[in-house]
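K.L.:
Below is the structure I would like to discuss, written out as structure tokens.
Nothing in this text is a laboratory measurement; each read-out follows from the coordinates by a stated rule. Predicted model only: the values in this text are computed from it and were never measured. So basically every Cβ, Gly included, is an ideal-geometry build from the backbone, and we count neighbours across all protein chains shown.
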Amino acid sequence: MSKQGKKETDSVILSQAESVASPALTDPKESPAPEAAKVSAITEMVHLIVFKLGAEDYAIKIDQIKEVTVTPSITRMPRTPGFVKGVANIRGDIIAIMNLEERFGIRQVAEQEGAGSGVTYTLVIEAKEYSIGVIVREMPQSLNLAVSKIDKTPAFLQDINVHENYIEGIAKVDNRLIIVLDMYRILTSDEISQLSV
Amino acid sequence: MKSREQEYKEIFIAEALEYYDALNRHISVLEKNPQDDQALAETFRLLHNLKANAKAIGYLQISDVSHKLETAFSLIRSKELSFSQEVVAVLFDGIDLLGDLITNIDNDTYGEPDPVLMRNLDIIVDSLSDSTIELAKVQKYNTAKSLSLSDLIYIPIKKLDHMLNLVGELMIDRDRIISLSRELDNDELKNVSSHLYRITEDLQYSVMGARLVNIGSLFNKFPRIVRDIAIAENKEVNLVLEGQDIQIDRNILQIITDSLLHLVRNAVNHGIESAAERVKKGKPSTGQLSLIARNDRDNVIITLEDDGKGIDLKQVRDAAIERKLIMPDVAKALPDTEMLSFLFEPGFSLAKEVTEFSGRGVGLDVVKNAIDSMGGRISINSVKGKGTTFILQLPTSIAVKGALLFEVDNIFYAIPLIHTEQVVAITTDELHEVGEVMVADIKGETVTVVYLHELLNAEEADMRLGDKSKLKGQIQNIIVVSYNNRKLGLIVDKLYRQQDIVIKPLSKPLDTIDLYGGVTLLGTGKVCLVLDVPAITRFFITRR
């Protein structure tokens, strides 16, 4: 767990991550195809960072993300909830690293494709009150989208647990369904206080 | 200490010059509008303070002139002296004279104040408004006044906090660079980094020094407070202060202010007996209360001692048993010091009546929490009938602390030295399983010992704190920590060195985890968790 990552040095800041994103895609049908969304300049656009949790696509607005980096070495913190993986030193800042799959109870997909290089990425997210790092398995992609493509109040949101109000909306792009998260609500205040065991 | 005196003097001059500026401002207002009560009151206050300060430090001329001016303004306030042209001229001259005296404190050749002006001041003070005596013209000796700015500046403590944080970050990076220079084995880099080391160290001490204040700035408030409580309680108390010139970080002093106030109130209210009661017991009728500060290596020790009735251990024991904090049979065998530590439990109070000054449910636990929060320690000694002593051990600075580094399950940890008692290595055979815990005889004392790996990393459901078989190896390194008069031995996997560390507080959302007082970055860039001894002790007690 605490293997000293020389990889820290090849962490990428966001602007680079974006440019790398498209060519790094292995599966062409997963392409976000930003060109498809017509740059008509009139429609209001939103820039999302898309990543996989379990088998689904999730996204966060880019202005809530500070950087994307190869996951640095994480120091486990005993006696914290399971989804808190520990803390990491990211450019001198000590940041709590979380596993959202565990946080949301998302079933993990067995790793088989790509022989599991073991490399994971960390999205450093700056929410109003806190910054956290979120671990994702695949290189996140960037996606430009018309705001109108995000369905803010899909009917099913009323059906699911009221506690799960971290979902801001659902975007549908080329047969893909992307769950847009509201990072400000990723941790409820209950959970924050629950951290103090 | 000459430098200390010099510092007092500089502070006095800076303050006095500020008063002088303010006086000029107010008197100019008054000249235009003599009815401005606020300006008048302010002028009066400034002169009064200046008089007192000058007298305290021994500048009698300044205090004399301030006194005369103060009298004049008090006459104006009581309408016995009118704010006429002539009077105003004399007052302006008087204030200018004050300014001159202040700026010439160090100038031995300055000589005596102008006698004509002094006489004029006497005239307006002594002979009231019906005076017909001519006010002699004072030759304007102050036409070519030069403007000067004060040598001292006020800095908001927030700015200093920010600077100290930056210095902390710098030190972390410095350690990283030094460790890299060793790895790379580059002589030039080594030279530069050792120079960097010295500079950052100087910088650290300068910033820490800039935040230091005299403990007297808090202590000196107590004579009045003690007097007031003593009178309200109809008691005789003599307060002795010592070590007012010991220096401590301003924020630490801020944090202990309420705690110390609480302890002092307690001492007068519940500690010291009434004069009659004292005489009956064969004690002098006046109770003694002493508040003493002294330096102890990197720490400041504050002792508050009274010669009052002391704490009745039996009462504490009964209360602890009644509140189910301890089993009766265990209570019987518990050493006195440990028994007394129950006084720091939340809501634990022996006070039977609420007085105006204390006993309102704010207990010693609040005091303890405040001291804990900055990494200090508090302990209590008491002999029934003889008195009670509180000992506060405080760090001089918040940011940098000596700490012991160690490893448990491949994670680096640190414990601040202020909480460590000793470090011992014993064999597993010397550990004994007693009930649900392990104990060991450490230098003649039976100490509860816990395997930190088990306490931190075992599944909570099957944590076995009393199971020796969980230990690895034959030799166990134990760090004995102490909290609330209770000792606890922590078995660690690997013991490293003692080192000054800069503790970075955990940021949200982790800041609510009280098991960790923060983190620090080691020279290798690795994160090291700083264990909070009070929290780990509490955690142990609840899991036992």
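K.L.:
When Lys and Arg each count +1 and Asp and Glu each count -1, what net charge do the other residues less than 10 Å away from B:P346, Cβ to Cβ, add up to?
P.N.:
So the surrounding residues net to -1.
K.L.:
About the Cα centre of the stretch B:2-126, how large is the charge dipole given +1 on each Lys and Arg Cβ and -1 on each Asp and Glu Cβ? Please answer in debye to the nearest 20.
P.N.:
About 340 debye.
K.L.:
For peptide B:409-415, compute the average count of partner chain beta-carbon atoms within 10 Å of each residue's beta-carbon.
P.N.:
3
K.L.:
Remind me, relative contact order of chain B in percent, using alpha carbon pairs under 8 angstrom and six or more residues apart?
P.N.:
It comes to 10 percent, rounded to a whole number.
K.L.:
In addition: Quick one: of B:K55/B:K159; B:K55/B:K79; B:K332/B:K384, which pairs are farther than 25 Å apart, Cα to Cα?
P.N.:
Details: B:K55/B:K159 33 Å; B:K55/B:K79 28 Å; B:K332/B:K384 17 Å.
Going by Cα-Cα distance, B:K55/B:K159; B:K55/B:K79 fall outside the 25 Å limit.
K.L.:
Rounded to the nearest 500 deg cm²/dmol, what is the calculated helix-only ellipticity per residue at 222 nm for chain B, with -39500 (n - 2.57) per DSSP H run of length n ≥ 4?
P.N.:
-14000 deg cm²/dmol, from helical runs alone.
K.L.:
What is the gain in length, in nm to one decimal, between B:D409 and B:E10 on full extension, counting 0.36 nm per residue of separation less the C-alpha to C-alpha distance?
P.N.:
138.1 nm
K.L.:
Starting from the Cα gyration tensor of chain B, multiply each eigenvalue by 5, take the square root, and state the resulting semi-axes largest first in whole Å.
P.N.:
Calculated on Cα positions only, the semi-axes equal 58, 34, 17 Å.
K.L.:
Additional query: Determine the principal axes of the Cα atoms in the stretch B:157-211, then give the extent along each, sorted from largest to smallest and rounded to whole angstroms.
P.N.:
Ordered largest first, the stretch B:157-211 gives principal extents of 41, 15, 9 Å.
K.L.:
Could you pull out the pairs from A:K52/B:K526; B:K158/B:K494; B:K280/B:K368; B:K221/B:K487; B:K51/B:K235 whose alpha carbons sit more than 31 Å apart here?
P.N.:
Pairs exceeding 31 Å: B:K158/B:K494; B:K280/B:K368; B:K221/B:K487; B:K51/B:K235.
K.L.:
Okay, next question. DSSP loop (so not H, G, I, E, B), at most 15 other Cβ within 10 Å: list which trypsin sites (Lys or Arg not before Pro) in the stretch B:283-314 pass both filters. Please list the in-between numbers first.
P.N.:
Details: sites: B:R294, B:R297, B:K309, B:K314; in loops: B:R297, B:K309.
For trypsin sites (Lys or Arg not before Pro) across the stretch B:283-314 that sit outside H, G, I, E and B with at most 15 neighbouring Cβ atoms in 10 Å, the list reads B:R297.
K.L.:
Output the DSSP H helices from chain B with an along-axis C-alpha extent of no less than 18 Å and a mean Kyte-Doolittle hydropathy no less than -1.0. Kindly include the intermediate steps, with their values, before the conclusion.
P.N.:
Working: long enough: B:2-32 (45 Å, -0.76); B:37-57 (30 Å, -0.10); B:60-77 (25 Å, 0.22); B:85-103 (27 Å, 1.18); B:157-184 (40 Å, 0.05); B:187-210 (34 Å, -0.45); B:250-266 (24 Å, 0.31).
Within chain B the helices that satisfy the rule are B:2-32, B:37-57, B:60-77, B:85-103, B:157-184, B:187-210, B:250-266.
K.L.:
Okay, moving on. Under a Cβ-only charge scheme (Lys and Arg +1, Asp and Glu -1), can you give me the dipole magnitude of the stretch B:400-543 about the Cα centre, in debye to the nearest 20?
P.N.:
480
K.L.:
Taking one equal scatterer on every alpha-carbon of the stretch B:214-395, how large is log10 of I(q)/I(0) by Debye at q = 0.12, 0.13, 0.17 1/Å?
P.N.:
For the stretch B:214-395, the Cα-only Debye profile gives -0.57, -0.67, -1.13.
K.L.:
Could you tell me the calculated FRET efficiency between B:R543 and B:I231, based on Cβ-Cβ distance and R0 = 51 angstrom, to the nearest 0.05? Walk me through the numbers on the way to the answer.
P.N.:
Numbers: r = 49 Å, r/R0 = 0.97.
It comes to 0.55.
K.L.:
Using the count of nearby Cβ atoms within 10 Å as a rough guide to exposure, how do B:D500, B:D249 rank from fewest to most?
P.N.:
With the fewest neighbours first, B:D500, B:D249 line up as B:D500, B:D249.
K.L.:
Next question, about the same structure. Treat every Asp and Glu Cβ in chain B as -1 and every Lys and Arg Cβ as +1, leave all other atoms uncharged, and give the resulting dipole magnitude about the Cα centre to the nearest 20 debye.
P.N.:
Once rounded to the nearest 20, the dipole reads 1160 debye.
K.L.:
Return the whole-Å distance between the Cα centroid of the stretch B:142-212 and the Cα centroid of the stretch B:216-254.
P.N.:
Centre-to-centre (Cα) distance: 34 Å.
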